[in-house]
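Report on one structure; see the data block that follows.
The values are calculated or read from the model by the stated rules, or taken from the named source; none is laboratory data. The model shown is predicted, which means the values in this text are computed figures rather than measured ones. Here Cβ is always computed from backbone atoms with ideal geometry, including for glycine, and neighbour counts include all displayed protein chains.
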């Protein structure tokens, strides 16, 4: 599991966009010290799927939501 802060992007909107537009399920972290976007890559994810997520995140970082 990995949690990251999405820079200037609104994490709630990012989580919604990832699912609605790309069918990628992630979650918002909650509580003190755990805020951010939580990604849970595991043995069921391929490296291609993880690379796709990273490409989409990079695109949103450049262009916004």
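What about residue 14, is it within 15 Å of residue 60 (Cβ to Cβ), in a loop (DSSP other than H, G, I, E, B) and either in contact with a helix residue (DSSP H, G or I) (Cβ under 6 Å, 6 or more places away or on another chain) or at pLDDT 90 or above (or both)? Considered against the rule, which asks whether it is within 15 Å of residue 60 (Cβ to Cβ), in a loop (DSSP other than H, G, I, E, B) and either in contact with a helix residue (DSSP H, G or I) (Cβ under 6 Å, 6 or more places away or on another chain) or at pLDDT 90 or above (or both), residue 14 comes out as no. For the range 45-54, the condition holds for no residue, the condition being that it is assigned to a loop (DSSP other than H, G, I, E, B) and touching a helix residue (DSSP H, G or I) at 6+ places or on another chain (Cβ under 6 Å).
Considering the range 9-48 alone, what residues qualify as being touching a residue at least 24 places away in the same chain (Cβ under 8 Å), within 21 Å of residue 65 (Cα to Cα) and surrounded by fewer than 12 Cβ atoms within 10 Å (Cβ to Cβ)? Across the range 9-48, the qualifying residue is only 22. When residue 24 is tested against (1) in a loop (DSSP other than H, G, I, E, B); (2) over 12 Å from the mean Cα position of the chain (by Cα), exactly one condition is not met: (2).
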